[in-house]
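To keep things clear, I will list the structure first and then write my remarks on it.
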Amino acid sequence: MKTNHILLVLVCASFCALVVSPVLAASPKSLGKYGYWSTYKLMEGANPVCYMSITAKAPVQKRKDKKKKTTKRGDVVLMITHRPAESATDVISYAAGTKFRAASDVNFKMGDRSFSLFTQGDTAWSRDQVGDHAIVAALRASSAVTVTGIAANEASIADTVNLKGMPEAYYAIGKACGLAVEPPPKAVVKKAKAMKASTVKAVKTPKKPNPPEKTKVK
């Protein structure tokens, strides 16, 4: 199922209803909207899953050079997920609205820090939990992230995501999942906007795949 959202004329849209199994997973409960982030909690059996997402329209690619390839893209989604029962927190994922080139990497850049993520289908992931924590820490200290990669048809992907509301949203999902997380400065804390049921779209919350094995150089 396609995922949604980035910056560039940000068209904020709330989202998410999880489909794991009608028996094991309840419908997600909105924790509120903070800046451009939507936050949710759901129960998979007795285990809480808490996540935050930004959804935006992909930038329109203008072909100034006829030889330069472009690709049609859906909305993109930046998501951070906590699954404390699996000891998985700060799981970062970025769905680009189109498939990435097979075995390609995606780069996240915040200020002078950059991170490499592996790809599977239309989504990019950090390679391990250490990477997840490092990326999320950098996101929390930044106002925007630039994401670059290569689409399956070799077209370039270059997105800039505005992270407005990150401190409040991150605190909300951490608290909801019982994690020890520092609250944002009081001067920054704002009451979450209630979300209207009519704006919630059904999407699949992704499970992180295993990263590909590194090719050995002979």
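Things to note:
- All positions within the range 87-123 that are of a type in the set (Gly, Ala, Ser), closer than 18 Å to Thr55 by Cβ and out of contact with any Pro (no Cβ under 7 Å at 6 or more places or on another chain): Ala95, Ala96, Gly97, Gly121
- Evaluation of Ala85 against the conditions (1) farther than 20 Å from Phe115 by Cα; (2) crowded, with 17+ Cβ neighbours inside 10 Å shows that the sole unmet condition is (2).
- Condition broken by Val91, with the remaining ones in (1) in contact (Cβ under 8 Å) with a residue 60 or more places away in the chain; (2) more than 17 Å from the chain's Cα centre (by Cα); (3) assigned to a strand (DSSP E or B) satisfied: (2)
- Identity of the residue in the range 100-121, among the polar types (S, T, N, Q) and either touching a His at 6+ places or on another chain (Cβ under 9 Å) or closer than 18 Å to Ala151 by Cα (or both), that ends up surrounded by the most Cβ atoms within 10 Å (Cβ to Cβ): Thr119
- Taken across the range 50-57, residues that are loosely packed, with under 15 Cβ neighbours inside 10 Å, among the charged types (D, E, K, R), at pLDDT below 95 and over 23 Å from Lys208 (Cα atoms) do not occur at all.
- The set of residues from the range 112-128 being closer than 9 Å to Pro211 by Cβ and assigned to a loop (DSSP other than H, G, I, E, B) comprises Ser126, Arg127, Asp128.
- Condition met for Gly97 (on the phi > 0 side of the Ramachandran plot, surrounded by fewer than 22 Cβ atoms within 10 Å (Cβ to Cβ) and either touching a residue at least 12 places away in the same chain (Cβ under 8 Å) or not hydroxyl-bearing (Ser, Thr, Tyr) (or both)): no
- Considering the range 129-155, and only residues there that are part of a loop (DSSP other than H, G, I, E, B) and aliphatic (A, V, I, L, M), the residue that is surrounded by the most Cβ atoms within 10 Å (Cβ to Cβ) turns out to be Ala155.
The values are calculated or read from the model by the stated rules, or taken from the named source; none is laboratory data. In this text the structure is predicted, and so the values were computed from the model without any measurement. All Cβ positions, glycine included, derive from the backbone under ideal geometry; neighbour counts span all protein chains shown.
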